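The values are calculated or read from the model by the stated rules, or taken from the named source; none is laboratory data. This one's a predicted model, so the numbers in the text were calculated from it and none came from an experiment. Cβ sites come from the backbone with ideal geometry, for glycine too, and all protein chains shown count toward neighbours.
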Amino acid sequence: MTKTRRERIRAATINEIKEIARQQMGESGAGALSLRAISREMGMSSPALYRYFASRDDLVTALLVDVYTAFADALEMARDGRLQGDHIGRFTAVACAYRDWAVASPQEYALIFGVPIPGYKAPSDVTSPIAARSMIVFLDVLVNAEKAGKADFSDSYVAITPAVAAQLQPWVDKLQFDGDIEILYTAMSNWSLMHGLVSLEIFGHFDLCITDVSSGELYRTEVAALAKRLSIQ
C-alpha cells in the first residue's frame, strides 16, 4: 500500500531521529543518549519530538529492534547463501557472518552486547523474540547437521548434567525449542566461544598483540576448530 505524504514525512523523521541517536551513541556511548539533544540538533522542540518517541527508553527499544533484526538478517543471509545439504559451509558461513557484522557495525554490536544502559530495562515481549532470531539461525544449522548424520554432538550428551539442563530450560522456552536439550547446550556453548572472541576484538582487548587482519585469521581458525570438534561435514 502506498504511504500518504504525512506517513512518508513521519517515517523520514523517525529515521532521522534514529540516525542522530546512533551518532550520539558512537560519540559518547548509549548511556549519554538524550532526546533533548536530538531535538536541538534537529531544530525541533522537545514536545514535538515526544510525538515520535515518548521517552528515551522508547527510542532505545526501537534502536534495539533495528539492530537485532539487522544482526539476524545477516546470519540468515549467510546460512541461506549455502546449499541446505552443505552443513559445514552453513556452519562456517553463519559463524563468520557473526564477526563480519560486528566488525562492520561496532556501535550496533555494543548496543546489544555491551554494557547495559543505566536505568533502561528492555520490554521482553518486544525485544526477546527478535533477539532470539540470531540464536535460532545457529541452532537450526546444528539441528539439521545432526539430523543428516553430518555432525557428532556425543561429547555434549555425555557432559550435560541435570543441573545444566535445568538452567537451559528458560532458553528452551524462549526459543520454543522442541529438540534434544543436548543440542541446545552445544549451540549455547559454542555460540559463547564465538561471542567471546568477537567481543574481545570489538572492545579493543586484542589491540596490543593482534591486528585487524590477524584477528580475523584467529577467529576463522577457531571456527574451523569448532567445526572439527563437532565433526560437522
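A few comments on the model shown:
- Evaluated against (1) out of contact with any Phe, Trp or Tyr (no Cβ under 6 Å at 6 or more places or on another chain); (2) touching a residue at least 60 places away in the same chain (Cβ under 8 Å); (3) in a helix (DSSP H, G or I), residue 40 falls short on exactly one condition, (2).
- Just one of (1) in a helix (DSSP H, G or I); (2) of a type in the set (Ser, Thr, Tyr); (3) surrounded by fewer than 12 Cβ atoms within 10 Å (Cβ to Cβ) fails for residue 2. It is (1).
- The listed residues are 216, 179, and the only one of them that is crowded, with 16+ Cβ neighbours inside 10 Å and not basic (Lys, Arg) turns out to be 216.
- The listed residue being more than 21 Å from residue 118 (Cβ to Cβ) and within 25 Å of the chain's Cα centre (by Cα), out of 62, 30, 48, 74: 74
- Conditions (1) within 13 Å of residue 111 (Cα to Cα); (2) among the aliphatic types (A, V, I, L, M); (3) surrounded by 13 or more Cβ atoms within 10 Å (Cβ to Cβ); (4) without any contact (Cβ under 8 Å) to a residue 24 or more places away in the chain: number failed by residue 32: (3)
- Residues of segment 132-152 satisfying the condition of being of a type in the set (Gly, Ala, Ser) and either surrounded by fewer than 21 Cβ atoms within 10 Å (Cβ to Cβ) or free of Cβ contacts under 8 Å to residues at least 40 places away in the same chain (or both): 132, 148, 149
- The helices (runs of 4 or more DSSP H) found wholly in segment 138-209 and carrying at least 1 residues that are over 27 Å from residue 106 (Cα atoms), at pLDDT 90 or above and not hydroxyl-bearing (Ser, Thr, Tyr) occupy 162-175, 181-202.
- Residue 13 vs. criteria among the polar types (S, T, N, Q) and at pLDDT 95 or above: no
- Top-ranked residue in segment 64-114 [being in a loop (DSSP other than H, G, I, E, B) and without any contact (Cβ under 8 Å) to a residue 12 or more places away in the chain; ranked as farthest from residue 15 (Cα to Cα)]: 86
- Take the conditions (1) farther than 17 Å from residue 79 by Cβ; (2) surrounded by 15 or more Cβ atoms within 10 Å (Cβ to Cβ); residue 169 misses just one of them, which is (2).
- Of note, residue 61 satisfies the criterion of being assigned to a helix (DSSP H, G or I) and either out of contact with any His (no Cβ under 8 Å at 6 or more places or on another chain) or not aromatic (Phe, Trp, Tyr) (or both).
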